[in-house]
Amino acid sequence: MPAAQVTQLLIEWNGGDAAALDQLMPIVYEELRRIAHNYLRRERPMHTLQTSALVNEAFLRLIDQNTPWRNRAHFFAIAAQLMRRILVDYARARLNSKRGGAAQRISLTAADDLPDDTESLVALNDALLALAELDQRQSRIVELKFFGGMTTAEIAEVTGASTATVERDWRAARAWLNVELSSGN
């Protein structure tokens, strides 16, 4: 289904049309599964959270959102952010119960180098929160690219920045995160 039709269904759903949500669910479910799979494929082996469980939890939170969806990209950007929060909450709970909450630092070398364990995910999340205090847009770009698997064009659409700005901010954020994560701060 074209992005314009998804956007229209999102707008109708915002307006209270339950039938629009019924039409939308099967369309967006596969994309949500792809995003969740990107998150989970680099998690530790034997991770107890399944792709469908992550999708279902994210979808429940999306339904509870009182967000006026602007378009398809906006919807999936929020979904990626929610999935990241779910996984980080899950990781923090696991660390707190198993290791007293101590997290190790990681290095970030490329967009496809997702953390492969719970501690690294928490460390990256903490670094992203620190980056957000310095530059909210750069932090958002990292989240959308690194966790959401979005293209530069999709990120530009979501953030309202040009593709050149997104690429420049991505390079700067990645460099900052490399320093932050390698220093152990």
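Please treat every number below as a calculation from the coordinates, not as lab data. None of these values were measured; they are calculated from a predicted model. So basically every Cβ, Gly included, is an ideal-geometry build from the backbone, and we count neighbours across all protein chains shown.
Spacing of the modelled spin labels on residue 151 and residue 41, each 7 Å from Cα toward Cβ, amounts to 1.7 nm. Residues of segment 138-157 falling in the label zone of residue 74, defined by backbone nitrogen less than 16 Å from a point 7 Å along Cα to beta-carbon, are 154-157.
Listed by Cβ neighbour count within 10 Å, with the fewest neighbours leading, 120, 162, 183 appear as 183, 162, 120. Taking other C-beta atoms within 10 angstrom as a stand-in for reagent exposure, 174, 41 fall in the order 41, 174, fewest first. In terms of surrounding Cβ atoms within a 10 Å radius of their Cβ, 128, 54 rank from fewest to most as 128, 54.
Given R0 = 35 Å, the distance between the Cβ atoms of residue 18 and residue 172 translates into a calculated FRET efficiency of 0.20.
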